[in-house]
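The values are calculated or read from the model by the stated rules, or taken from the named source; none is laboratory data. No experiment lies behind these values; they were computed from the predicted model shown. Every residue, glycine among them, receives a Cβ derived from its backbone with ideal geometry; neighbour counts consider all protein chains shown.
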Amino acid sequence: MIPAPLASFDLLYLAREDHARTGSAWLGVMALQDIPAIAKALLAAGYHLEDISGLDAAEGAVAAYHFDHFTTPGRITLLALAPHDAPVFPSIAAIYQGAEWHERETRDFFGYVFTDNPNFIPLLLPDDMADIHPLKKPEAARASLLTLFAGEGRGSEVQRKAEGFTLLDQPAPTAADDAKAAPAEAKQPEAKADDQPDGGKDA
Amino acid sequence: MERLIKQGIDLIKGIWSLGVGLAVTAWYLVNRKITVQYPKQVVPREASESFRGPIELVGQPKDPATPKCISCMMCVSACPSGCISITKQKPPKLSPEEEKAFAEAEARGEKPKRPVAPRNPATWRYNYTYCSLCACCIEACPVNSIKFSNELYLAGTSRGDFHYDLLARLKRKAAEAKAAEDAKASETKDSGSADAAAQPGSPNISQAVPEKADEASSASGQAKSEAAL
Amino acid sequence: MNEFSLWTVFTLVVGLVAILAFIAGNAMALVWMERKVAGFIQRRPGPNQLGPAGVLQSVADAVKLLFKQILKPSNADSIIFFLAPILSFFPVALLFMPLPFSPFFTAYSPNLGLLLILAFSGINVLAVLLAGWSSNNKYSLYGAARGVSQSVAYEIPLLLAVLAIAFQHGTLNLSEIVEQQGGWPWQWNVFTQPLAFLIYFISIFGETNRSPFDLPEAESELTAGFHTEYSGMGFALFFLAEYANMVLVCCVATALFLGGWKGPFLDGFWWFLAKAYGLLFIMMWVRWTYPRARFDMLLNLNWKWLLPLGALNLLATAFVMKLF
Amino acid sequence: MTRPIFSDTKGDFYSINFEKGARENTIILNMGPQHPSTHGVLRILLELDGEYIVRAEPVLGYLHRMHEKMGEVKTVGQYMANMGRVDYLHAMAWNWAWAGAAERLAGIEVPERAEYLRIIATELNRIASHQVWWGAYILDLGAFTPILYSFEDREKILDMLQMMSGARLTFSYFRLGGVANDVPPVFFDRLREFIPYMRNRLNMYHALVTGNMILKQRIEGIGVMDVDACNRYGATGPMCRGSGIAHDTRRAEPYGLYDRFDFNIPVYHEGCCMARYMVRLDEIEESLKILEQAVAAIPEGPVLPAKPLKFNAKLPAGEAYYAVEGGRGKIGVWVASDGGKTPYRIKLRAPGFSNLSIFSELAEGTLIADSIAILGSLDLVIPEVDR
């Protein structure tokens, strides 16, 4: 059943996840403007903030929030989507003070802007490197959310989906997919050594 | 009132704990010492046996001086930090008339077998300063020609000390192994002699430091490896 | 009793030279002893490379510190910066004068010997303050502030304990105090005045900034306290001053409480040194066992425990002396 | 406002930014990045009124190596070497987090003997990590000897871990689907000898230090943290167990074969430095219990699956989060892959990062000596905080 804090908000997308396959119990997508409200409800329900991390997807700049509960464990992964050219997210440092550092770190690595973060200066990168964001992907290398959140059995238990929200719709498993899925399983275990990764050489 | 008593008891326990603390340190004051005095003493053999130090080549069973390596460069690309650089051997030089004979044969269309280059590598440079001992090269090697050495006491005064030439090192190790064998063989022959030739005790320090890349033989190799890094 | 004559000048000069040699020798021995005791407590052999049992280790330290470059931080107050170490080491030589090593080996025993020692031992605090202020380093400033309030605090219980002994013997002359104590341990003042000895022993830790009260040079909080900016001979003088002070307070303790040079049989200065080194060993033993006290705990212990106990002890001694 | 001559107006970016909010006649003190008790290169800007701390702000980044970017450039097997360098005191837990995340994404089964070896390695490494913390913490509080005793015991553990993995500190022992190699039989006799030896050594730890009157006054009632603070900052591990929350990832989100082992979770309710201190020492006892059961029940068998994945295996598309109970708290690895040669994004959730963020709230109004005691009770390893 949906944890209380998430039920009281109309999330864009909420699905139950299989913990054994993805490690989190719930996957949700929040609208940008009600991030602080959800955070307040989660804190009231006793959830603690695990981390905030950025993800540079093709559809846009994604901020992933992970929450977990001490006594009734069940990880909640909440994503928030913002356009690439204006990755602005409301800060939740007023509610979760621990988030101030997570937000500053995501700013260093991805260049996201968290409005009214109390001390919005670089955290890990030197201050004169403020505009270099190492984890920002070049345009071509960005993968879509669909591939990143792929995996069979995903999206089978969607609890709520706002109309017009089609980002995470798994394509109906047509025959082609099954064919593609089957060999993918076969190929992947014995990864032949021919496709030599140029790996760390060009780091 | 009972707060006072509690404080009193705490005080007594506190003072008693101070005494106990002194007793513990006194016990260790008179106890035996357990530190290994490094330059004079060395960690016992069985402790350093399982240690994984820098990598080294594995000699072929029949000829321990040449490595099993077939210079397929798999380890070079497997290494995340690019520590290994290998150069293949060139095919043997053909004298001019052999060259002419082969050229005509190819002109006539049949396929003469040109002498092929030997498979084991010409130089095998290994830069230990970048190595993170992740064993990706060992997993990548199809002929299991790389293994970890257990060199515990590595010291060098400059970066160059850690640019190893594993081929030269393999030759030296093979030579030593043969020398030890001969000594043992000669010792068993005149089995009357009391002292064992190879004194088993702790290895002396000079042997522990692996053979550095000697400048003479690898002047060209050095230049190439600089370029490769 | 000894009016000013050539002979007294001569004994004074020889005494001073002998005492300086004694301090230097003792400091060397103590540095080596401290490292050995620390090593043995921590299950390692301590210095054993130089000399038979590492005996030349302290010589090597001294030579190293001699050749190290003496640095002065920028815009530090240079005169005071270099005055502080000198000020911390040289008054100590004077303090050894009245100490009764043995009937013959007493450089100069005025009948106010005890007063001389207690008066001059206050100068060490001045050196700590000057060092802390002049090295223009916030950590040193904190170390100096702590050092001053700690020494001021621990001066008073020291006085009360010593006063109880003076009450009992009616004299301030150390030699006479030792005379009046007997040879056998139960005749020493330790048994007539156990509380005074305890108070005295605790307050000498505070006086010489030794752990668990080494707050002025607390390594883990203030990087090195008041002598953070000193290197080479500056640091060496502070280092030697600390050990000289330790030897001083332990010698005074043996003179007052443990019967000085008197021993069960054939008295002499060896008894004096043996007892002093016994106390020094205990000080080192305590150093390598206990964590450091926090600043308010230190003062709390002093003002709320040592001071009232010292006063009570003084009262009891006076009462007993009045009756018998 | 006139600044005393002590404040070097030049100051760098962080101290100038910190000085903007400074009150009248307070001193801005830089504790670190070279400071004896900041366990690595952590720099804390303190605003001091006398010895009392008015405001504290940790400054990070002096040991930042950008492990997350390396993750996007290296293949799955090559990245295992990084895991030993993120938190070198509990490298096995980080190895497990990364191997677990990749296995969860790729759906790989781990043979039973490898699971047991993983538990043995991680619990041994946890004891070693707590011993380093215990020695360094007491060293911060001023006693120089206990660290030597704890390192003496730790050497025995490192010898055992060296027998397992060949390394002594930065392990890369785990592989996708198991562990690198099996252990020599002499390992189990060493382990059976070690467990009773360590149990009575714990009594010595308590006798020498825990009972000590001076230490009690130094850390009892200092740096009190309540449950709400744990939630707001995400402090996990001994931090939250010291404040009365019986949360342990090995129990809350069972991974590996931890649900087969019975061990209890030490919980203290005072929330002060002493509580966290006792939690960690009791955890050593619990780890010994787990080791005992593991040694008794370890089956024979392979340590790698029949067809083990090579180091350059490709992870299938998808994302997975894997949490492990490290010495300092809940370690999390979130890996997202688009099926390419190298992972698409790796997020390392370091417990030390969240635990340290609570320091500025705890240190307000305390003495410098107390702030050192609080800092030590957080059990910080700066490479894990900076990543």
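Checking each residue in segment D:13-43 for being away from chain A (no Cβ under 14 Å) and either among the aromatic types (Phe, Trp, Tyr) or not in a loop (DSSP other than H, G, I, E, B) (or both) picks out D:Ile27, D:Ile28, D:Leu29, D:Asn30, D:Met31. Taking segment A:101-119 as the range and being farther than 17 Å from D:His64 by Cβ and either assigned to a helix (DSSP H, G or I) or touching a strand residue (DSSP E or B) at 6+ places or on another chain (Cβ under 7 Å) (or both) as the test, the residues that pass are A:Tyr112, A:Val113, A:Phe114, A:Thr115.
Tallying residues that are closer than 30 Å to C:Gly225 by Cβ and not in a helix (DSSP H, G or I) within segment D:367-387 yields 5. Among the residues of segment D:61-88, those that are surrounded by fewer than 24 Cβ atoms within 10 Å (Cβ to Cβ) and away from chain B (no Cβ under 14 Å) comprise D:Gly61, D:Tyr62, D:Leu63, D:His64, D:Met66, D:Glu68.
Working carefully through the options A:Ile52, A:Ile38, find the one that is assigned to a strand (DSSP E or B), surrounded by 24 or more Cβ atoms within 10 Å (Cβ to Cβ) and either among the aliphatic types (A, V, I, L, M) or at pLDDT 85 or above (or both).
Exactly one of A:Ile52, A:Ile38 is assigned to a strand (DSSP E or B), surrounded by 24 or more Cβ atoms within 10 Å (Cβ to Cβ) and either among the aliphatic types (A, V, I, L, M) or at pLDDT 85 or above (or both), namely A:Ile52.
Residues of segment B:63-73 that are hydrophobic (A, V, I, L, M, F, W, C) and surrounded by 18 or more Cβ atoms within 10 Å (Cβ to Cβ): B:Cys69 alone.
Of the residues contained in segment D:245-266, none is found to be of a type in the set (Gly, Ala, Ser), assigned to a helix (DSSP H, G or I) and more than 10 Å from every other protein chain (Cβ to nearest Cβ). When A:Ser91 is tested against (1) away from every other protein chain (no Cβ under 12 Å); (2) surrounded by fewer than 22 Cβ atoms within 10 Å (Cβ to Cβ), just one condition goes unmet, and that condition is (2).
Return a yes/no flag: does segment D:352-375 have any residue that is among the charged types (D, E, K, R) and within 21 Å of D:Arg250 (Cα to Cα). No; the residues of segment D:352-375 include none that is among the charged types (D, E, K, R) and within 21 Å of D:Arg250 (Cα to Cα). Filtering segment D:275-295 to residues that are free of Cβ contacts under 8 Å to residues at least 60 places away in the same chain and under 18 Å from the mean Cα position of the chain (by Cα) leaves D:Ala275, D:Val279, D:Asp282, D:Glu286.
Scan segment D:158-168 for residues that are closer than 13 Å to D:Ala81 by Cβ and either out of contact with any strand residue (DSSP E or B) (no Cβ under 7 Å at 6 or more places or on another chain) or among the polar types (S, T, N, Q) (or both) and jot them down.
Matches in segment D:158-168: D:Ser165, D:Ala167.
For C:Lys64, the requirement of being of a type in the set (Lys, Arg) and without any contact (Cβ under 8 Å) to a residue 60 or more places away in the chain is met. The C-beta contact set for segment D:353-372 (first residue within 7 Å of another protein chain (Cβ to nearest Cβ) and crowded, with 24+ Cβ neighbours inside 10 Å, second residue of a type in the set (Val, Ile, Thr) and in a helix (DSSP H, G or I), distance under 6 angstrom, 6+ apart or interchain) comprises D:Phe353/D:Val385. Scanning segment D:44-71 for residues that are out of contact with any strand residue (DSSP E or B) (no Cβ under 6 Å at 6 or more places or on another chain), part of a loop (DSSP other than H, G, I, E, B) and either at negative phi or not small (Gly, Ala, Ser) (or both) gives D:Leu60, D:Tyr62, D:Leu63, D:His64, D:Arg65, D:Met66. For segment A:114-132, filtering for residues that are touching a residue at least 24 places away in the same chain (Cβ under 8 Å) and buried (at least 18 other Cβ atoms within 10 Å of the Cβ) leaves 2.
Count of segment D:32-60 residues, restricted to those that are under 22 Å from the mean Cα position of the chain (by Cα) and crowded, with 20+ Cβ neighbours inside 10 Å, is 11. Taking the criterion of being under 24 Å from the mean Cα position of the chain (by Cα), assigned to a loop (DSSP other than H, G, I, E, B) and within 14 Å of chain B (Cβ to nearest Cβ), the residues of segment D:191-238 that qualify are D:Glu220, D:Gly221. Residue check: B:Ala65 meets all listed conditions (1) within 14 Å of chain D (Cβ to nearest Cβ); (2) touching a strand residue (DSSP E or B) at 6+ places or on another chain (Cβ under 7 Å) but one, namely (1). Residues in segment D:301-316 that are in contact with a strand residue (DSSP E or B) (Cβ under 6 Å, 6 or more places away or on another chain) and surrounded by fewer than 24 Cβ atoms within 10 Å (Cβ to Cβ): D:Val303, D:Leu304. Helices (runs of 4 or more DSSP H) fully within segment C:232-306 that include at least 1 residues being touching a residue at least 60 places away in the same chain (Cβ under 8 Å) and away from every other protein chain (no Cβ under 14 Å): C:233-257, C:269-287.
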